[in-house]
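*Asks:* Once you've had a glance at the structure underneath, I'll fire off some questions.
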Amino acid sequence: MKAYLINLGEHILDSFGVKNITYKCEMKALELDVDTAVPLGLIVNELVTNSLKYAFPKNKKGRITVHLQQKEQNLLLLEVFDNGIGAVFSNIQGSGFGFQLINLLTQQLNGKMKNDTTNGTHFIFEFKWNNNGLNSM
């Protein structure tokens, strides 16, 4: 997953042609099945893309970080955050197609999502984990 998420983030930054944003992937080696890896990659893709579009106006320098880890024995934690201007969501569930996609993918993986826009934008996802795939929460 680490190589996949690093490669994904670098390709997104390249496609936007940005030089003022640093992308960092903080995680240990973690292998996931394709049915888990693809939806996680789509979630990361959408959130990194949104950060590039909205979090850093006027070529403001910034950082986007992706953090994925197995917490405890049965919990997988995904965090995607930036140090940009922070998003304002009146209702994240209804904030456009991208967030509808994120919500659907989170449900597909039987996960829970939280967000915080106090200091940049920070999304936190938790998924039940058994080292062989995801379980229902």
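We did not get these values from a lab; they are worked out from the coordinates using the rules stated. As the structure is a prediction and not an experimental result, all values here were calculated from the model. Cβ: placed from backbone, ideal geometry, glycine included. Neighbour counts: every protein chain shown.
*Asks:* Checking the table 58/112; 2/128; 60/128; 19/114; 24/58; 24/71 against a 31 Å threshold on Cα-Cα, which pairs fail?
*Replies:* With Cα atoms farther than 31 Å apart: 58/112; 60/128.
*Asks:* Compute the signed sum of charges (Lys and Arg +1, Asp and Glu -1) over the other residues within less than 10 Å, Cβ to Cβ, of residue 129.
*Replies:* Summing Lys and Arg as +1 and Asp and Glu as -1 gives 0.
*Asks:* Work out which helices of the chain, taken as complete DSSP H runs, extend at least 20 Å along their axis over the Cα atoms and score a mean Kyte-Doolittle of -1.0 or more, then list them.
*Replies:* Helices meeting the criterion: 2-16, 34-54.
*Asks:* For residue 7, put the label point 7 Å out on the Cα→Cβ axis and report which residues of region 40-70 keep their amide N under 19 Å from it.
*Replies:* 40-46, 48-49, 66-68, by backbone N distance to the label point.
*Asks:* In addition: Note the full-extension length gain between residue 108 and residue 75 as 0.36 nm times their separation in residues minus their Cα-Cα distance, in nm to one decimal. Mind dumping the intermediate values first?
*Replies:* Values: separation 33, 0.36 × 33 = 11.88 nm, distance 1.60 nm.
Between residue 108 and residue 75, full extension yields an extra 10.3 nm.
*Asks:* So what are the three principal axis dimensions of the chain from its Cα atoms, in whole Å, longest to shortest?
*Replies:* 44, 33, 23
*Asks:* Would you compute, from DSSP H runs of 4+ residues alone, the mean residue ellipticity of the chain at 222 nm, taking -39500 (n - 2.57) per run and dividing by the full residue count, rounded to the nearest 500?
*Replies:* My calculation for the chain gives -11500 deg cm²/dmol from helical runs alone.
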